[in-house]
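The next block holds one structure in the form of structure tokens; read it before the comments.
The values are calculated or read from the model by the stated rules, or taken from the named source; none is laboratory data. This is a predicted model, so every value here is computed, not measured. Glycine also receives a Cβ, built like all others from the backbone with ideal geometry; neighbour counts cover every protein chain displayed. In case anyone asks, the SASA skips ligands and DNA or RNA and just uses the protein heavy atoms, side chains included. Shrake-Rupley method; radii C 1.70, N 1.55, O 1.52, S 1.80 Å.
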Amino acid sequence: VEQPEEFVAEGTTKLSHILELLKALYGLVQAGYVWYNTIADYLLELGFVRSELDHALFYRDTESARVYFGLHVDDSMSTGNDTSEILALEKTLDAKFEATHYLGTTLHRDPAAGTISLGQ
């Protein structure tokens with residue numbers, strides 16, 4: 001980060017000032033940390049609980065549904081037993097964070113074959 005020329009006071013040097021970065025920039029070391037804290041706080045506002053065993057996993061229980069939300073750096077995955085709840089969560093997150101692209105992952109379980117397949 002460089003200090004803009006217009007912020008240098010007369011008689012001082014740039015080195016005499018400290019700058020505070022108010023917004024994390026993608027690609028910086030702290031960007032993932034700031035993003036995690038931002039989305040974690042929002043998920044907690046939505047009634048999710050952070051797993052004590054894995055802080056990248058959040059879950060929300062209602063009378064009719066259980067929704068899980070996993071987060072790793074800037075990738076996420078949601079699942080649960082009620083598709084409408086999952087879609088509502090995705091819509092809420094898209095609106096809050098102005099997402100322009102959502103990566104969908106499908107899960108197919110075949111008990112007869114004993115397999116689980118992931119697709120995108």
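Below, the figures for the structure above:
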| item | result |
| --- | --- |
| Cα gyration tensor category, rounded, prolate or oblate, for the stretch 28-102 with a/c compared to 1.5 | oblate |
| Carbon + sulfur, % of accessible area of the stretch 29-119 - ligands and nucleic acids excluded, 1.4 Å | 55 percent |
| Simple Cβ-charge dipole of the stretch 29-119, Lys/Arg +1 and Asp/Glu -1, about Cα centre, in debye nearest 20 | 100 debye |
| PHE97-GLU52 FRET efficiency (beta carbon distance; Förster radius 25 Å; 0.05 resolution) | 0.45 |
